[in-house]
Structure formats: structure tokens, C-alpha cells
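Working notes, structure below.
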Amino acid sequence: MDEKRFFFKNGDGAEYEVIFRKPNKKYFGSDCDGVCACPEEKSPKIQINPHRTSQTQLNTSIHEFTHAFFWEKSEKDVSHFASTLSRFLYNYCGWRMPSPAKQKRTRSNKKGKK
């Protein structure tokens, strides 16, 4: 599967790159679902483990994006928020990750390196 990437800026203007790639187990352990770099890093990244279930990827995406926007929030607060929102979207709204064959890259999420 091709590595999927997405770029966004947080509320303070830090530009993040989102990568669907399993975080390095040497640094984050073997069961890590995702990682968000500090927004003060030169090129901060979010990594999301693509080998998890659709529901876990949704929860992890919300969790790591929350860190990117609210870096100062506690892990407890971020986890509570992400779990609540992902349960709502997945269980109540029926959100599901599209299959890789149906995913199309749009011009807005393609970006060359600066």
C-alpha cells in the first residue's frame, strides 16, 4: 500500500504532515497506535498505525490531531475527548474508513516538499 500523507496547520501555524505508518517500535513500543510530534519541531509529524482496525484508526487520528492543536492538554483529557468523539462518529454516525481502492488523492492533500 502506498504511504498516505496529509498536511495541515494547527491553530498556531505549525505545519504538520500526517503519515499512515506504524510508529517505530524501538522508540514507541510494539503496540503504539499513533504519535504526534511537538508543534515546535522543525517539521512536526503525526504517524497513525494503518494496521489497526478502522475504529482504532479513527480514535488515533482524533487523539493525535488533538495533541497537535492542544499540545498543553493532559494525556487523560486528550484520551477522553478522542474516545468520546470517535465512539460518536463510529457507533452513532456509522463512520467507516473507505477501502484503499476507493480512496483518491485530491489536489488539496498532495503537496511537494518545500
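Of 67, 80, how do they rank once you tally other Cβ atoms within 10 Å and put the fewest first? Provide the component values of the computation, followed by the final result.
Working: 67 23, 80 12.
Lowest count first: 80, 67.
Within a Cβ distance under 11 Å of residue 45, other residues only, what is the Lys/Arg minus Asp/Glu net charge?
Around residue 45, the charge tally is -1.
So which trypsin sites (Lys or Arg not before Pro) in the range 1-54 end up in coil per DSSP with only 12 or fewer other C-beta atoms within 10 Å?
Here the trypsin sites (Lys or Arg not before Pro) that fit, given the DSSP loop and packing criteria, are 42.
Only counting other Cβ atoms within 10 Å, I'd like 86, 79 sorted with the fewest neighbours first.
On the way: 86 20, 79 14.
Arranged by neighbour count, lowest to highest, 86, 79 become 79, 86.
Got a sec? How would 33, 77 order by Cβ neighbour count within 10 Å, fewest to most?
So the ranking, lowest neighbour count to highest, is 77, 33.
Name the GluC sites (Glu not before Pro) in the range 31-86 that are in a loop by DSSP and that have at most 16 other C-beta atoms within 10 Å, would you?
For GluC sites (Glu not before Pro) across the range 31-86 that sit outside H, G, I, E and B with at most 16 neighbouring Cβ atoms in 10 Å, the list reads 40, 41, 72.
Where Lys and Arg each count +1 and Asp and Glu each count -1, what net charge lies around residue 30 among other residues with Cβ under 15 Å from its Cβ?
Net charge around residue 30: +3.
Read-outs throughout are calculated quantities, based only on the coordinates presented, and are distinct from any laboratory measurement. Just so you know, these numbers come straight off a predicted model, no measurement behind them. For neighbour counting, all protein chains shown are included, and Cβ atoms are generated from backbone atoms with ideal geometry for every residue, glycine included.
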